Amino acid sequence: MPAPARSSAFPTAFAAADLGATSGRVIVGRVGPGNLDLTESHRFANTPVQLPGGLYWDVLSLYQGVLDGLREAARSTDLASIGIDSWAVDYGLLDASGAMLGNPHHYRDPRTEAVIEQVWANVGATELYRITGLQHLPFNTVYQLAAAAGTPQLAAARTLLLIPDLLTHWLTGSIGAEATNASTTGLYDARTGTWSKPVASGIGLDPQLLPPLRRPGDPAGTLLPEVAAYTGLSEATPVTAVASHDTASAIVAVPATGTDFAYISCGTWSLAGLELDAPVLTEDSRAANFTNELGIDDTVRYLRNIMGLWLLSESQRTWASRGLPAHLPELLAQAAQARPFAALVNPDAPEFLAPGDMPARLAAYCARTGQTLPDSQGAVVRCILESLALAHRHALTQAAQLAGRDVTVVHLVGGGSRNDLLCQLTADASGLPVIAGPTEATALGNILVQARAHGLVQDRAAMRRLVAETQHLRHYTPRGDERAWAAAAARVGLA
């Protein structure tokens with residue numbers, strides 16, 4: 001019996017390959033009128049590899065995980081499209097034949113530290129911000145490429161592809177750079193929406209390495225025959241360029257109405273800021289270290305990167321390696337009972353960036369700043385979460401001031417939205433109501449961009465309405481003592 005004709009009321013399935021810093025997954029989203037639901041097809045580990053030459057991503061393993069996830073999805077549904085998102089800044093290099101020149105470096109590798117001053121001498125820190133609007137982070141792509149100058153790999157390279165673009169190339173054979181991720185590199189002109197030849201030339205990079213730009217929703221090709229054969233999908237299955245920086249996808253799925261909202265995309269990193277129509281490229285913005293990254297519809301993600309729940313996950317990893325309890329619900333219950341403001345840190349202190357013994361680093365910070373050391377695991381977790389809430393408060397207050405915007409509500413999305421204590425502390429610290437969820441914001445945003453490209457959702461407002469109507473959200477009302485939070489912020493330079 002022939003399959004029934006698909007109608008507009010019949011949910012259409014899209015696959016989101018969502019690569020995070022510790023794991024990847026392929027999620028199938030079904031979209032229809034009043035319908036937006038997700039099913040995880042496959043989850044796989046993302047385990048960096050330390051080699052004598054530095055810290056690397058195992059990108060071949062990640063690609064295999066994507067293929068396996070697509071094959072699993074194909075067993076149960078027809079896919080209308082596939083989209084890929086990941087973290088930002090890291091890249092692979094291809095030679096003239098299209099072969100990859102070594103595994104991509106991990107952004108936490110410290111090799112860029114020696115070249116930052118050199119880049120500033122050649123381009124100028126002020127000029128770099130005026131062109132790119134990018135927050136200074138030591139692992140930005142521009143510094144990674146400066147550190148690679150003179151290496152055989154860069155000398156042999158003919159194409160540079162950021163991680164989602166690299167995997168898209170392997171699926172389709174096509175070459176392109178999705179713009180939201182390109183905007184995180186320090187090589188993208190925030191004013192013109194193009195690659196910056198002056199910045200590339202300033203670090204000695206051949207601009208020809210930078211591929212043509214794509215926008216979210218643009219077609220990125222169809223599956224290569226060998227990919228179709230492995231996954232069981234049709235060769236005609238399209239791959240769509242989504243907002244391939246995972247934060248850009250997450251912001252698509254912020255269930256906001258109007259423009260008076262702030263967001264925090266909270267996971268390994270906390271990305272706290274505003275959605276604007278134009279970049280803020282002032283000297284005050286540069287001094288405050290805010291970034292202007294691209295969102296869908298040429299919006300600007302005006303935000304600051306905050307170290308995020310990396311501090312907690314690294315603490316859990318350290319405790320588990322020593323046979324200590326590391327189950328998050330129990331740790332959060334202990335943290336809720338711990339003494340408020342007993343110990344605080346600036347989450348963005350440089351000693352917290354690299355992998356390692358995070359509880360020892362937190363204790364060393366407290367000792368150096370004359371604070372009482374956390375005396376239990378619960379106290380350590382309380383220290384982390386209160387410090388993150390203070391950093392959220394500081395970033396959102398500054399963003400609103402620098403952009404001249406009023407903020408009446410904070411949307412906290414991503415994995416951190418499951419952390420009730422963090423959500424409540426963020427409401428208390430900011431003095432603003434917090435709406436938490438959706439947890440799977442990145443996958444939802446990925447899928448919604450595909451759905452819009454296929455005519456199932458009309459615009460950004462409709463995307464957000466659909467999220468608000470279909471996803472579980474939790475509400476937190478401020479209940480903290482503003483004076484106590486202000487005093488705590490002053491202790492760690494976050495006032």
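Looking across the stretch 40-94, just one residue is of a type in the set (A, V, I, L, M) and free of Cβ contacts under 8 Å to residues at least 12 places away in the same chain, and that is 51. Among the residues of the stretch 140-160, those identified as out of contact with any Lys or Arg (no Cβ under 7 Å at 6 or more places or on another chain), over 13 Å from residue 199 (Cβ atoms) and without any contact (Cβ under 8 Å) to a residue 60 or more places away in the chain are 144, 148, 149, 150, 151, 152, 155. Of all residues in the stretch 306-335, how many are outside any helix (DSSP H, G or I), touching a residue at least 24 places away in the same chain (Cβ under 8 Å) and out of contact with any strand residue (DSSP E or B) (no Cβ under 6 Å at 6 or more places or on another chain)? Adding up the residues that qualify gives 4.
Residue pairs whose Cβ atoms lie under 6 Å apart, sitting 6 or more positions apart in sequence or on different chains, and linking a residue in the stretch 166-191 that is surrounded by fewer than 20 Cβ atoms within 10 Å (Cβ to Cβ) to a partner that is in a helix (DSSP H, G or I) and among the aliphatic types (A, V, I, L, M), are 189/131. Of the residues 253, 287, the single one that is among the hydrophobic types (A, V, I, L, M, F, W, C), out of contact with any strand residue (DSSP E or B) (no Cβ under 8 Å at 6 or more places or on another chain) and at negative phi is 287.
When you scan the stretch 469-487, do you find a residue that is closer than 18 Å to residue 273 by Cα, over 23 Å from the mean Cα position of the chain (by Cα) and in contact (Cβ under 8 Å) with a residue 12 or more places away in the chain, even just one? Checking the stretch 469-487: not a single residue is closer than 18 Å to residue 273 by Cα, over 23 Å from the mean Cα position of the chain (by Cα) and in contact (Cβ under 8 Å) with a residue 12 or more places away in the chain. Scan the stretch 108-128 for residues that are surrounded by 17 or more Cβ atoms within 10 Å (Cβ to Cβ), in a helix (DSSP H, G or I) and either touching a residue at least 60 places away in the same chain (Cβ under 8 Å) or on the phi > 0 side of the Ramachandran plot (or both) and the total you get is 2.
Note on the stretch 404-423: residues that are touching a Phe, Trp or Tyr at 6+ places or on another chain (Cβ under 6 Å) and surrounded by fewer than 21 Cβ atoms within 10 Å (Cβ to Cβ) total 1.
Determine whether the stretch 444-456 contains at least one residue that is surrounded by 23 or more Cβ atoms within 10 Å (Cβ to Cβ), among the polar types (S, T, N, Q), farther than 25 Å from residue 307 by Cα and at pLDDT 95 or above. Yes - at least one qualifying residue is present in the stretch 444-456. With respect to (1) farther than 25 Å from residue 107 by Cβ; (2) without any contact (Cβ under 8 Å) to a residue 12 or more places away in the chain, the lone exception for residue 340 is condition (2).
Here the helices (runs of 4 or more DSSP H) wholly within the stretch 431-494 that include at least 3 residues being closer than 30 Å to residue 40 by Cα are 441-453, 460-470. If the condition is being part of a helix (DSSP H, G or I) and either in contact with a helix residue (DSSP H, G or I) (Cβ under 6 Å, 6 or more places away or on another chain) or of a type in the set (Gly, Ala, Ser) (or both), then the stretch 397-418 contributes 399, 400, 402, 403, 415, 416, 417. With respect to being in a helix (DSSP H, G or I), within 30 Å of residue 19 (Cβ to Cβ) and touching a residue at least 40 places away in the same chain (Cβ under 8 Å), residue 351 falls outside the description.
For the stretch 129-141, a residue qualifies if it is farther than 27 Å from residue 156 by Cβ and either among the aromatic types (Phe, Trp, Tyr) or assigned to a helix (DSSP H, G or I) (or both), and the qualifying residues are 129, 130, 131.
Among the residues here, residue 285 qualifies as surrounded by 19 or more Cβ atoms within 10 Å (Cβ to Cβ), among the hydroxyl-bearing types (Ser, Thr, Tyr) and more than 20 Å from the chain's Cα centre (by Cα). Listed by position, the helices (runs of 4 or more DSSP H) contained in the stretch 160-260 that have at least 3 residues being under 23 Å from residue 98 (Cα atoms) and at pLDDT 95 or above are 163-172, 179-182, 225-231. For residue 479, the test of being under 20 Å from residue 244 (Cα atoms), surrounded by fewer than 24 Cβ atoms within 10 Å (Cβ to Cβ) and in contact with a helix residue (DSSP H, G or I) (Cβ under 9 Å, 6 or more places away or on another chain) is failed. Candidates are the residues of the stretch 372-403 that are without any contact (Cβ under 8 Å) to a residue 40 or more places away in the chain and surrounded by fewer than 21 Cβ atoms within 10 Å (Cβ to Cβ); the one that is farthest from residue 324 (Cα to Cα) is 401. Which is surrounded by 16 or more Cβ atoms within 10 Å (Cβ to Cβ) and over 18 Å from residue 84 (Cα atoms), of 223, 233, 271? Just one listed residue meets the conditions, 271. Those strands (runs of 3 or more DSSP E) of the stretch 1-107 in which at least 3 residues are closer than 25 Å to residue 268 by Cβ and in contact with a helix residue (DSSP H, G or I) (Cβ under 6 Å, 6 or more places away or on another chain), considering only elements entirely within it, cover 12-19, 23-32, 35-45, 81-85. Among the candidates 385, 421, 432, the residue that is touching a helix residue (DSSP H, G or I) at 6+ places or on another chain (Cβ under 6 Å) and under 19 Å from residue 473 (Cα atoms) is uniquely 421.
Of the residues making up the stretch 20-37, those that are farther than 19 Å from residue 415 by Cα and either touching a His at 6+ places or on another chain (Cβ under 8 Å) or surrounded by fewer than 23 Cβ atoms within 10 Å (Cβ to Cβ) (or both) are 30, 32, 33, 34, 35.
The values are calculated or read from the model by the stated rules, or taken from the named source; none is laboratory data. Everything quoted here is computed from the prediction, not taken from an experiment. We place every Cβ from the backbone using ideal geometry, glycine too, and count neighbours over all the protein chains shown.
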